[in-house]
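Here the structure is laid out as structure tokens; the discussion comes afterwards.
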Amino acid sequence: MGVVAITIAVALGGCTTALPPRPSPTPTAAASATPTPTIPTVSAPAPQVPVPCSGLVDESALSSVGPGLTLTAPPYGLLYPEDVAAQQAGLLSCQWTGTGSTPSRLTVSVLADSPAGYSQLTPSAPAPLGVGSKSWYSCPGTPNTDAGCVASVLVGRYWLYVMAGPAIPAARGASVLRGVARSAAGHLTEAGAPAPAWHLPSTPWSPVKTCAQLGTAVPMNDLFTPASVSKVSDGNGAGNEDLAWNWAVYSSSMLYNCGWQWGDPGAPGGVWHLLAVHVVPGAEWIWSQLLTAPTVTSTKITVPGATDAYYRCDTGNGTCWADALVNHTWIQVSLATKNTAGDVDALIKALTELAAYSGA
């Protein structure tokens, strides 16, 4: 999921993202500062679900999904702010991939103490699965997606969301999902209560405010001239077919996902820019891992107030963005353009204004 994404899907829907070119400029300072507390180095969140992926689903249940399913070690590609926010919210997400020309895939996500997520993301008149205290399943008949069949299950204090595909016949979808869900539910019940939730450290970014509040505090009217910001709104994007993942990200107050817009994209000849800002408070613990993505180039940049900052590009799709570590918090900014002259200057200026706002 990722950068310049402005489209949330809290249902079965995929996501696309976009991101922005080559640094050198010196940024300008901005915005009013608030006092910065002394914050100790932030440790990675300990797993809240007491069962690892390797012990969650029995081999017999895995083999019913498809041949040769093996556990895929995370991360499953680029690390996006939403994924890190989900981990801080306590989500356990496990993925298995099979063999063959059309390999089967299985995803099982587990979230503790989230009955509201299960209830709010349950369709009307669902088909019961018969596992746990409440459950439903669906085989929507979309063989070209990961979610060939899905199931949602409440068992004790845990919410399981299962996606199996890509092509499981509807006739046997219920039995496949039931086997996977019963296996996972059994191991979770045996393991007992979840560990305490990870608590967001006290940073200038927490508790998370609304995008409108952040836009008022950091107007960024000087990023692009002569246009000024026309609106600041909640970003969408990075919606996921996994409903437990969606709930973990968007209900946990672990993430800012905001968009600043200059001008009207529909106005002929008008000036239009879109800046996406993702802020994950307390995500200092993930910073070193951001440098390890094999398809990403990282060029160090200077942002006043930031502990560290890089301009990054994905060599696979040509999209670029900027990351900064500010007050133990990961900030990512990107534009809805690719390698346009002046983009890097604007990104550094945006990070400078955000750092100043946080008191750095």
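Computed from the coordinates by the stated procedures, all read-outs in this text should not be read as laboratory data. Computed from a prediction, not measured in an experiment: that's the story for all the values here. Cβ placement follows ideal geometry from the backbone for every residue including glycine, while neighbour counts extend to all protein chains displayed.
For the reader, a short list of remarks on this structure follows.
- The amide H of Ala127, built 1.01 Å from its N in the peptide plane, has Tyr137 as neighbours under 5 Å, considering only residues 5 or more places off or on other chains.
- Computed over the stretch 101-215: relative contact order in percent, which uses C-alpha pairs under 8 Å that are six or more apart: 24 percent
- Long-range tail of P(r) for the stretch 155-295 (Cα pairs > 20 Å, %): 67 percent
- Amide H contacts of Trp330 (H built 1.01 Å from N, in plane; Pro and chain starts excluded): Val280, Gly282, Ala283, Glu284 sit under 5 Å, all sequence-distant by 5 or more or on other chains.
- Across the stretch 103-120, rounded Karplus estimates of 3J(HN,Hα) from the backbone phi angles (6.51 cos²θ - 1.76 cosθ + 1.60, θ = phi - 60°) give x, 6, 9, 9, 10, 10, 10, 10, 10, 8, 6, 10, x, 5, x, 4, 5, 6 Hz, Gly and Pro being marked x.
- Built amide H within the under 5 Å cut-off of Thr319, gap 5+: Asp314
- Per-peptide packing, taken as the mean over residues of other Cβ atoms within 10 Å, places 281-290, 126-135 in the sequence 281-290, 126-135 from highest down.
- Extension reserve of the Asp264-Ser288 stretch, reckoned as 0.36 nm per residue once the Cα distance is removed: 4.9 nm
- In sequence order, calculated HN-Hα J values of the stretch 47-59 (Karplus, 6.51, -1.76, 1.60; Hz; x Gly/Pro): x, 8, 7, x, 10, x, 4, 5, x, 8, 10, 5, 4
- Ordering of 249-256, 55-62 by packing [mean C-beta count within 10 Å, highest first]: 249-256, 55-62
- Our coupling estimate for the stretch 246-260, obtained by passing each phi through the Karplus curve with A = 6.51, B = -1.76, C = 1.60 and θ = phi - 60°, is 4, 5, 4, 6, 9, 10, 9, 6, 9, 8, 9, 9, 10, x, 9 Hz, Gly and Pro reported as x.
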